[in-house]
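The structure appears below as structure tokens.
The values are calculated or read from the model by the stated rules, or taken from the named source; none is laboratory data. Keep in mind that this is a model prediction, so the values were computed, not measured. So basically every Cβ, Gly included, is an ideal-geometry build from the backbone, and we count neighbours across all protein chains shown.
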Amino acid sequence: MPVTTTTPTSRSAGTVPPVHRRRPDWNRRTPYLLILAAILLELLIHIVPMLVGIWMSFIKLNQFFIANWSKAPGAGLGNYKIAVDFSTPIGRALLHSFTVTCLYTLIVVGLSWLFGMSAAAVLQRGFRGRGGLRTLFLVPYSLPIYAGVITWSFMLQRDNGLVNHVLVSELHLLDHPPFWLIGNNAFVSVAVVALWRSWPFAFLMIMAGMQSIPDEVYEAAATDGANVWKQLRYITLGALRPVNVVLVLMLFLWTFNDFNTPFVLFGPTPPDSADLMSIHIYDNSFVNWNFGLGAAMSVLLLLFLLVVTGAYLLIANRRSRRA
Amino acid sequence: MHEPRSFRVFRVVVVAGLGLFTLVPLYVMVTSALKPLGDVQGDFRWWPTHPTLRPFVDIWSTVPLARYFINSLVVCLVATAFSVLIAIFAAYAVSRYRFRGRRAFIGTVLSTQMFPGILFLLPLFLIFVNIDKQLGFTFLYQTRVGLIVTYLTFSLPFSIWMLASYLDGIPRDLDEAAKVDGCRALGALFRVVLPAARPGVIAVAVYAFMTAWGELLFASQMTNDATKTLAIGLQNYSTQINVYWNQVMAASLVVSVPVVVGFLLLQKYLVAGLTAGAVE
Amino acid sequence: MRTIAHTTNPGGSDMKARLIGIVVVLLAVSATAACGGGGNSSSGSSASSKTLTYWASNQGTSLENDKAVLTPELAKFEKQTGVKVNLQVIGWPDLLNKILGATTSGQGPDVLNIGNTWAASLQATGAFMPFDAAALTAIGGQDKFVPASFATGGTAGTAPTSVPLYALVYGLYYNKKMFADAGLQPPTTWQELVAAAVKLTDPAKKQYGMVLEGASYTESVHFAFIFGRQNGGQPFDAGGKPTFTSAGMVNGVKQYVDLLGKDKVVNPSNVQYKNGPEAPGDFAKGKAAMLMSQNNADNTLQADGMKSSEYGVVAIPAPSPLPPGGKDVASFVAGINLSIFKNTKNQDAALQFVKFMTSPEEQAILDKPFTALPVVKGGTVNFTDNKAEAAAFAQVLATKAEALPRVPAESAFETNVGAAVNSLLAQAATGKDVSISDIKAALQQAQDKMAAAGI
């Protein structure tokens, strides 16, 4: 929406003509000046390295050439062919890792948002201890990730862990203590740990977003007879739409690319059920010293995420236009 | 406010459930920090055999924790400050102006979140080293400055987009009113719009700080002994010979205290709203 | 509109002053960030000929402990040669990545420690200085080294790019009291080992015959190699192609996994142990009668309260009679090597430093805190007071140790085979049988993954 250049106040009557001429130039340049710093930094830290990374996917960059990248022979689409050839173990492993990561992301993001929304809704109305609870909920987010994840790996030990101690010895829900860190249960474990760390973030963002909804709107709805649930559904969720759109998308991208949680929990060799994409690519680049292949896998991942994001934003914009 | 019973039950369930979910691992951390080393290496116990504050003393000597702590604080605070500032400017532009290339800017900034960090780690590292070579002195490679520049850029995309969303929710009448009063665009931004978006700014600042605080991968590559941050320094409690779990827990608690205190202090800033009747 | 002027703009200059104040504070804080901390060249290759940068690995009880041990020796070196050494001790989680970064960028230390299993991979990068005849003479000659350790320095038949610094080998630790109480002698064959373990296993008392680091892929691949060799297998053929599915390798893995699966002498919970000190911890607390570990377990055992008189060490035995093609291999040659960066500006000083660190005097001094065996011939084993233990380990290094495959794809081999063996152990721990075909399938998968490493 262009800024209007009409100047109704009388005090600027004498200076209107020069202001008229200068103002449009300034307005046109302003946005570009405002985003300049961001652009420069993004170029340096994100864009240029990403372009180099993409170039890496087209060359045979392994331990023989890592010290001298320019000498690495071109591989054309060779790295990509290896990655997507689903008849070979590498391609199959990549596909498996991809499905595991999709499932993991859906669960973690979905539950994080749900928990965050519930907590924000419940803590919005004043009651005693609200500030303390708010701080408590944020603590997992504030802990160093190494410590948080390690604590969970303590708790998930089969013989000595708290989880099995409670489930088996105290609550008698299960007969035999199961393994949580190997086999199929490893998926549940990594999802729970990721959820523990990421729902407070959703809570924080939603809580901040809720603050900008004026109380009169709720009061008006209450006098109209709407109870808390209706208010939540029609007012809060509606007003939070822009925030939620961003939040969910970002959570999705970050969870999909999450490296630290599975790496601290399992090291570079996770059990099959918890073989997330980030570790998978790490294995193929840093561990196997085949950076070209790792780069190709990353580009494929990037393309997938671009498509998903594009579709998501299209749908979100269409719905908001209708609203 | 009409609060039906179902909501009150819901509240109890949510607070109890999430509270437990949050508290139990914290309890394990706290008790582990008070245990002698033998306890944390053996069977799990609800309570230490004999509670000891020894780990809290040892952590400072096993690993130069104080130095790592200061490095982390400096890097994270500076990165956060600049990141929020730059994000505010960019978000204002995105929210208030329809300039050519706006879509491209948002799209590019967003796409940076889709690239796994491990892959642009090495190229970034190379770029830093080459810049230093051009400059002739160590400016970015293994310095706090290099880490600051990296971290502040990491949190930019989300900060910009989130702030733009918050700003979108603030009616432009505020801007107009301020401009009529004689403010230029930037003045309108700082005097009127930002105070109204304060919770959003605080939330984004918290996010930027925590992102930098917890970052592991780039910190391990981009620092040396003198500039190492907490996130990876904590890993050094695990060595060839022994893993001092109790010290890891103690150190984590110690370094989390200021962060948690910061949260507590920021509570009141997270609560705000448009001043009633601000726009007439 | 008037309202806004009152509530949000009490005085324009006030706001400006506040903004300026904030900016000034920001700049001040940023200035402290820029200076202090890495502004020095302590991590880059030093320009003057009188300083070296040395990246040491963590061998002691903590990084600070390593520093405390090494600093007086470096001071000694400076006194002797006038060369100052800037020391950085780097923890294992970071070391390989940092070396990778240094290799990629050309910015690195002058001298550094490497795990000797990385030697061939690092050699392939071409970023490290080969020790040719002249260089070897400069450091005291090839002959001073124990041949088994020296062989780990690079691919066979080439000038090595690293020389040994500390040697480590595996041994079989056994609890003397538990063995004496059961009337058992330390085993000399694999069959005796299993029999002893069975006798000493009592799940009701939570006591097992053997303890393993079942989730550590490095431990798993080490044993896959050792027992594979005992059964006549080789992970790579002469041409460097992986042969993980050969009968010898498969039988070797079976020998290891059977401890948990068939013989049931290992606590299934062991498959969660991956950090290193858990298995020695169990052994020290008497929860297991035997432990197969490298000799630096001594530090952990003593930290857990076990006296060196309470345990004995023998070589890990082989099946008797040896399977066709098998060799009586009791360990692989583990250890730490020293490498020199090719683009160091102080090559002479670096060579002097290597000579210093591998001299018999320094070996004797450093082996004790780092619980290592000397890499020089005729060196005394002094990391333990237990003479029998010292003799056992020295003998393993001298006669029963083989180097892991010295191929450029070595770390891929470790990860892929290690992960395969871990998954087999996990399978056994959850109660499922592990058959020969299971093992073969897992190893086949590992072998196929080697294609990712370009083989």
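For this structure, a couple of remarks:
- Selected residue (criterion: surrounded by the most Cβ atoms within 10 Å (Cβ to Cβ)) from residues of region A:190-216 that are over 19 Å from the mean Cα position of the chain (by Cα) and polar (S, T, N, Q): A:Gln211
- Taken over region C:115-140, the residue count meeting the criterion of being polar (S, T, N, Q) and away from chain A (no Cβ under 14 Å) is 2.
- Condition check for B:Ala185: more than 16 Å from the chain's Cα centre (by Cα), buried (at least 24 other Cβ atoms within 10 Å of the Cβ) and at pLDDT below 85: no
- Matching option when the condition is closer than 30 Å to B:Phe218 by Cβ and of a type in the set (Ser, Thr, Tyr), among B:Tyr27, B:Tyr68: B:Tyr68
- Among the helices (runs of 4 or more DSSP H) confined to region B:161-234, the ones with at least 1 residues that are touching a residue at least 24 places away in the same chain (Cβ under 8 Å) and among the basic types (Lys, Arg) are located at B:172-180, B:198-214.
- Applying the criterion of being in a helix (DSSP H, G or I) and within 31 Å of the chain's Cα centre (by Cα) to the residues of region A:167-189, the residue that is nearest to A:Cys102 (Cα to Cα) is A:Phe187.
- Scan of region C:164-208 for residues that are among the hydrophobic types (A, V, I, L, M, F, W, C), buried (at least 16 other Cβ atoms within 10 Å of the Cβ) and under 20 Å from C:Asp258 (Cα atoms), ordered by number: C:Leu172, C:Trp190, C:Leu193, C:Val194, C:Ala195, C:Ala196, C:Ala197, C:Leu200
- Taken over region C:151-163, residues that are in a helix (DSSP H, G or I) and crowded, with 21+ Cβ neighbours inside 10 Å amount to 2.
- For region B:123-151, the set of residues classified as facing chain A (nearest Cβ under 7 Å) and either more than 22 Å from B:Phe209 (Cβ to Cβ) or among the hydrophobic types (A, V, I, L, M, F, W, C) (or both) consists of B:Pro123, B:Leu124, B:Ile127, B:Val149, listed by residue number.
- Index of the failed condition, A:Ala222 passing every other in (1) buried (at least 20 other Cβ atoms within 10 Å of the Cβ); (2) at the interface with another protein chain (Cβ under 7 Å from one of its Cβ atoms); (3) not basic (Lys, Arg): (1)
- Against the numbered list (1) at the interface with another protein chain (Cβ under 9 Å from one of its Cβ atoms); (2) closer than 23 Å to B:Phe7 by Cβ, A:Ile150 comes up short only at (2).
- Residue under evaluation C:Trp55, criteria (1) buried (at least 18 other Cβ atoms within 10 Å of the Cβ); (2) assigned to a helix (DSSP H, G or I), criterion not met: (2)
- When region A:158-170 is filtered for residues that are facing chain B (nearest Cβ under 7 Å) and either surrounded by 20 or more Cβ atoms within 10 Å (Cβ to Cβ) or under 19 Å from A:Ala194 (Cα atoms) (or both), the ones remaining, listed by number, are A:Gly161, A:Leu162.
- None of A:Leu41, A:Leu106, A:Leu94, A:Leu77 is closer than 16 Å to A:Ala295 by Cβ and modelled with pLDDT of 90 or more except A:Leu94.
- Qualifying residue in region C:46-55 (condition: within 8 Å of chain B (Cβ to nearest Cβ) and either closer than 30 Å to B:Leu126 by Cα or at pLDDT below 50 (or both)): no
- Of the criteria (1) touching a residue at least 24 places away in the same chain (Cβ under 8 Å); (2) surrounded by 20 or more Cβ atoms within 10 Å (Cβ to Cβ), which one C:Pro369 fails: (2)
- Region C:253-292 - residue that is of a type in the set (D, E, K, R) and part of a helix (DSSP H, G or I) and, of those, surrounded by the fewest Cβ atoms within 10 Å (Cβ to Cβ): C:Asp258
- Residue-level check: of (1) surrounded by fewer than 22 Cβ atoms within 10 Å (Cβ to Cβ); (2) within 19 Å of the chain's Cα centre (by Cα), B:Tyr151 misses just (1).
- Condition check for B:Val260: at the interface with chain A (Cβ under 7 Å from one of its Cβ atoms), crowded, with 23+ Cβ neighbours inside 10 Å and of a type in the set (Val, Ile, Thr): no
- Residue check for C:Asp348: in a helix (DSSP H, G or I) and surrounded by fewer than 19 Cβ atoms within 10 Å (Cβ to Cβ): yes
- Every condition in (1) without any contact (Cβ under 8 Å) to a residue 12 or more places away in the chain; (2) more than 7 Å from every other protein chain (Cβ to nearest Cβ) holds for A:Thr135 except the one numbered (2).
- Any hit, region C:195-210, residues being assigned by TED's automatic domain parsing to the domain that holds C:Val434 and more than 24 Å from C:Met306 (Cα to Cα): yes
- Residue in region C:293-300 that is part of a loop (DSSP other than H, G, I, E, B) and either outside the structural domain of C:Ala372 (by TED's automatic domain parsing) or small (Gly, Ala, Ser) (or both) present: yes
- Any hit, region B:254-277, residues being modelled with pLDDT of 85 or more, of a type outside the set (Asp, Glu) and touching a Phe, Trp or Tyr at 6+ places or on another chain (Cβ under 8 Å): yes
- Some residue of region B:211-219 being within 9 Å of another protein chain (Cβ to nearest Cβ) and hydroxyl-bearing (Ser, Thr, Tyr): no
- The helices (runs of 4 or more DSSP H) found wholly in region C:357-455 and carrying at least 3 residues that are within 9 Å of chain A (Cβ to nearest Cβ) and among the hydrophobic types (A, V, I, L, M, F, W, C) occupy C:410-429.
- Considering each residue of region A:50-62 in turn, none proves to be more than 14 Å from chain B (Cβ to nearest Cβ), under 13 Å from A:Phe291 (Cα atoms) and among the hydrophobic types (A, V, I, L, M, F, W, C).
- Matching residues in region C:262-276 - criterion: being within 14 Å of chain A (Cβ to nearest Cβ) and not basic (Lys, Arg): C:Val266, C:Asn267, C:Pro268, C:Ser269, C:Asn270, C:Val271, C:Gln272, C:Tyr273, C:Asn275, C:Gly276
- Hey, C:Gln234 outside the structural domain of C:Gly157 (by TED's automatic domain parsing), surrounded by 23 or more Cβ atoms within 10 Å (Cβ to Cβ) and not hydrophobic (A, V, I, L, M, F, W, C) or not: no
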